[in-house]
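The values are calculated or read from the model by the stated rules, or taken from the named source; none is laboratory data. Small disclaimer: the values here were computed from a predicted structure and weren't measured. A quick note on method: Cβ atoms are made from the backbone with ideal geometry, for glycine too, and the neighbour counts reach across all protein chains shown.
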Amino acid sequence: MPDRALSFGVMAEAYERFRPGYPAELVDLVVTYAGRPIPSALEIGAGTGKATRLFARQGVAGTATEPDGAMLAELRKHVPASVRTVQAAFEDVRPGPRYGRRYGLVYAAAALHWTDPEGRWARVASLLEPGGVFASFGGPVRPADPAVEEVVRAARAPFLESDEIPSPDGTPPGYDVQWPGTELQRSAWFTGVRQAVIDRRLTMSAGDYIGHLSTVSAYLVLPASAREQVFRRISQVLPERVEIAADITAHLARRRYEP
């Protein structure tokens, strides 16, 4: 999925405008799981900083990394001075003076699936203090009404079978533990794997929902003419106001003291 992973920068301002942020319960979930103060944090693929600023407001700032320059520039408009920002892909982040030695928390907000699976968990573990916490969270944004979801699917079908990202390890949607929890459970580096869901319902105008879709990688990699057609078709079937299901699935794990 490299093309999709690198597709967001052209829509950085739209990403900031139309992508939902994160609720305060998310920080509470992570801090409660940690069970102790989090002295430092590293964020993987911070985007425009929607999670970054939430954690910073709760006193968890640290370093935000983002490989795309346009996304990072947008992030810098919105985060407090307490957040250190670095343009870097996760694969290029190494413990050391530039990024910090070790962190109490490493987290990824709707970004982990873009990272290289080769050596992913050893790399995360190398950035964490023993006993430190890893957190990954995100989830699809879709119409909450099944009838609306179906007409959107039908409108999209000539261009895209699905606009979601498949599970990186092939875990079926109905399985009790979803990715990356499945991989964390198998990793020798982590223990105490937990999955939690924060239920969330939002309401968007039809125009804002199309704006949200304009930031989704499946649409971004379509040819411009096809993208215009699919958005026009979806616009024609949407109600004026769209109730949105935007549940957040979070995975938490603790770095073992000894792998």
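For the stretch 124-133, residues that are touching a Ser or Thr at 6+ places or on another chain (Cβ under 9 Å) and modelled with pLDDT under 95 total 1. Listed conditions (1) at pLDDT below 95; (2) small (Gly, Ala, Ser); (3) at negative phi are all met by residue 136, apart from (1). Among the conditions (1) out of contact with any His (no Cβ under 9 Å at 6 or more places or on another chain); (2) surrounded by 19 or more Cβ atoms within 10 Å (Cβ to Cβ); (3) not β-branched (Val, Ile, Thr), the only one that residue 236 does not satisfy is (2). Considering the stretch 170-189, the residues that are loosely packed, with under 14 Cβ neighbours inside 10 Å and free of Cβ contacts under 8 Å to residues at least 40 places away in the same chain include one that is nearest to residue 130 (Cα to Cα), namely 186.
Only one residue in 213, 160, 184, 252 is among the aliphatic types (A, V, I, L, M) and touching a His at 6+ places or on another chain (Cβ under 9 Å), so which one is that? When all the criteria are applied, what remains is 184.
Quick check on my filter: what residues within the stretch 91-143 are free of Cβ contacts under 8 Å to residues at least 60 places away in the same chain, touching a strand residue (DSSP E or B) at 6+ places or on another chain (Cβ under 7 Å) and among the hydroxyl-bearing types (Ser, Thr, Tyr)? Listed by number, the list holds a single entry, 99.
Here the stretch 210-258 is the region considered, the condition is being among the aromatic types (Phe, Trp, Tyr) and over 18 Å from the mean Cα position of the chain (by Cα), and the residue that is farthest from residue 155 (Cα to Cα) is 257.
Residue check: residue 43 meets all listed conditions (1) surrounded by 17 or more Cβ atoms within 10 Å (Cβ to Cβ); (2) among the acidic types (Asp, Glu); (3) part of a helix (DSSP H, G or I) but one, namely (3).
Residues that are at pLDDT 95 or above and surrounded by fewer than 17 Cβ atoms within 10 Å (Cβ to Cβ) within the stretch 25-40 comprise 25, 28, 32, 35, listed in sequence order. On the stretch given as the stretch 46-79, residues that are surrounded by fewer than 19 Cβ atoms within 10 Å (Cβ to Cβ) and either assigned to a loop (DSSP other than H, G, I, E, B) or of a type in the set (Ser, Thr, Tyr) (or both) total 2.
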